[in-house]
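Following: one structure in structure tokens, then a few remarks.
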């Protein structure tokens, strides 16, 4: 019995978790840029499209596609900043600032949670390999 498929999924999981950490760091930069430009007359906030790019990966996992396909899809996720398209933009800079500060706090919490999860996964791997 081969254990390769388990390692392939674990490898994809760890790669995706590390990619998520990078995306949260990139989102932090995007939000910081939004905050820095909040008072500009032509201010158009940016967002990161990480979650949108995960759509194909989520469908593949749900449909039970082979591990090699999942691994390939993880490799195709490359988040980037896009202009936020919203019909209900706050009219005052203070409202926009509140929205961006809320997004910054939410992103920080997500980053910390993902960092904890990656640390625990690595601890489990270390325990499985070394026994301690």
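The values are calculated or read from the model by the stated rules, or taken from the named source; none is laboratory data. Small disclaimer: the values here were computed from a predicted structure and weren't measured. Counting neighbours? That spans all protein chains shown, and the Cβs are built from the backbone with ideal geometry, glycine included.
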Practice task
May I ask you to verify whether residue 61 is surrounded by 12 or more Cβ atoms within 10 Å (Cβ to Cβ) and either touching a residue at least 12 places away in the same chain (Cβ under 8 Å) or part of a loop (DSSP other than H, G, I, E, B) (or both)?
Solution key: no
Problem - Any chance residue 49 is in contact with a strand residue (DSSP E or B) (Cβ under 8 Å, 6 or more places away or on another chain), touching a residue at least 24 places away in the same chain (Cβ under 8 Å) and either surrounded by fewer than 17 Cβ atoms within 10 Å (Cβ to Cβ) or within 26 Å of residue 122 (Cα to Cα) (or both) - result: yes
Handout entry: Residue identified as modelled with pLDDT under 90 and part of a helix (DSSP H, G or I) among 44, 52
Key = 52
Exercise for the section: State whether one or more residues within region 109-123 are exposed (fewer than 14 other Cβ atoms within 10 Å of the Cβ) and assigned to a loop (DSSP other than H, G, I, E, B). Expected result: no
Problem - Residue tally, condition out of contact with any strand residue (DSSP E or B) (no Cβ under 8 Å at 6 or more places or on another chain) and in contact (Cβ under 8 Å) with a residue 40 or more places away in the chain, over region 23-40 - result: 8
Exercise for the section: Tally the residues that are at pLDDT below 90 and under 13 Å from the mean Cα position of the chain (by Cα), restricting the search to region 96-117. Expected result: 0
